[in-house]
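The structure appears below as structure tokens.
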Amino acid sequence: MIDNIRRKFVSLYKEEPIIVRSPGRINLIGEHTDYNNGFVLPAAIDKAIYVAVTARTDEEIYMFAVDENDDYQGNIKQLMKSGKQWPDFILGSLQQLQIHNYHTAGFNLVVGGDVPLGAGLSSSAALECASLFAFKQIFKLDISLLDIVKMAQRAENDFVGVQCGIMDQFASGFGKKNHVIKLDCRSLEYEYKPFMPDDVEIILLNTNVKHSLADTEYNTRRKQCEKGVALIKKKYAEVESLRDATLEMVEELIKPVDEIVYRRCVFMVTEIKRVPDACADLDNKDIAAFGKKMFEAHEGLSKDYEVSCKELDFLVDHVRQFPAVIGARMMGGGFGGCTINLVKKEAIDRIINDINIDYKNAMGLELTMYRVSIENGTGLIN
């Protein structure tokens, strides 16, 4: 992969680039909690986006995407949406540097990677972090990794137009091999928790569907959570987000007013608490208790938060029958993408074979399986 990107760069631009790697991410527990100022437990993975780049002496932008077999040309003084999507994550990142008064010039760039698109592994966050880290190198910018992560999120919010929280970019930037990150999405305080059970692997099962509900329903859930906060705030002025709310507040002030918002907020308050509880399981080396919380999280995502779909529910329900599956849930925004599963190594092949057949029979779709390991975050490839 890296050699292929380097060769393409040299063939296009006739010079040797620097290459930056930025990984995709998984999230073990804490879904949709980031935009409610809660906790999340993500990790960087061994699938990544690679950006090869050199600075130019003029203001021109030349980019090529290996996976898309597509190019883009522009100018740093005229940043606008490309109409293609993939360049926008890079252009939005560049725009953030300009907004923050960092000096940039034109550049030559080639991008490629092995983060599966549409699987909910945040290839977009990886591309934003890789681009900003690469610009830091070639333009010799004095910019911290945390600022890179914040700008990457703003690029996605303001330029691309997706109102994501900060979790994806943070995990991509700050990942640490064999560790998950307990991240407080309000303060951005974080700590690493070892996650390397000897006999357990992380398996992602891709439904290979992405329902059109995803983007509109995501924004709807954010508004429903905000409505819940507004209802609670009438009595408890100190509540700024659902991070500050209790189940008693939700019962008292939301249930009598709006049943749907009530169920959304019950899930969210419970899920925010579930993350530190799951971290305690890791501290106690109790992977079984951790896995049980994954199943509980999926139940809430499916029934109360209603961001699952029949394909995701089928996969999670189906793996419950296998004692070797310690925990499973849907991962990401919902309405498609992957389930994340903790599976004992000796049973993986047999279980995957069974699920492949049953999923195809039930849903008429092929299932894609990814074995992932936890890796380091954004950095330079020597």
Cross-link partners of residue 360 among aspartates and glutamates (Cα-Cα below 14 Å; sequence separation of 8 or more within a chain): 311
Solvent-accessible area of residue 279 with every protein chain in place, 1.4 Å probe, in Å² to the nearest 10: 0
Among (1) 33; (2) 40; (3) 37, the entry derived from the coordinates for percent of Cα pairs over 33 Å apart: (1)
Spatially proximal lysines relative to residue 176 (Cα-Cα < 29 Å; intrachain offsets below 8 disregarded): 47, 136, 140, 150, 193, 273, 285, 292, 293, 344, 345
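Highest mean first, how do 199-207, 139-147, 374-382, 3-11 rank when packing is the count of other Cβ atoms within 10 Å averaged over residues? Could you put the intermediate results ahead of the total?
Values: 199-207: 20.9, 139-147: 13.4, 374-382: 17.6, 3-11: 15.3.
The densest-packed peptide leads the list: 199-207, 374-382, 3-11, 139-147.
Defining a contact as two alpha carbons under 8 Å apart and six or more residues distant in sequence, what relative contact order in percent does the chain show? List each step's numbers first, then the result.
Values: 787 pairs, mean separation 88.8, N = 382.
Computed value for the chain: 23 percent relative contact order.
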Relative contact order (percent, whole number), region 124-209, Cα cutoff 8 Å, 6+ residue spacing: 22
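Hey, got a sec? Which GluC sites (Glu not before Pro) in region 1-79 land in a DSSP loop and have at most 15 other Cβ atoms within 10 Å? Spell out each step's value before the answer.
Details: sites: 15, 31, 59, 60, 68; in loops: 15, 31, 59, 68.
Those satisfying the criteria are 15, 59, 68.
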Debye log10 I(q)/I(0) for region 309-351, one point scatterer per Cα, at q = 0.23, 0.28, 0.33 Å⁻¹: -0.74, -0.97, -1.16
Two-site label geometry, residue 237 and residue 346: point separation in nm, points 7 Å out along Cα→Cβ: 6.2
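Which peptide among 32-38, 173-179 comes first, and what is the full order, when sorted by highest mean count of other Cβ atoms within 10 Å?
Values: 32-38: 23.9, 173-179: 20.4.
Put in order of decreasing packing, that is 32-38, 173-179.
The values are calculated or read from the model by the stated rules, or taken from the named source; none is laboratory data. Keep in mind that this is a model prediction, so the values were computed, not measured. A quick note on method: Cβ atoms are made from the backbone with ideal geometry, for glycine too, and the neighbour counts reach across all protein chains shown. SASA here: full protein model, heavy atoms, side chains in, ligands and nucleic acids out. Shrake-Rupley method; radii C 1.70, N 1.55, O 1.52, S 1.80 Å.
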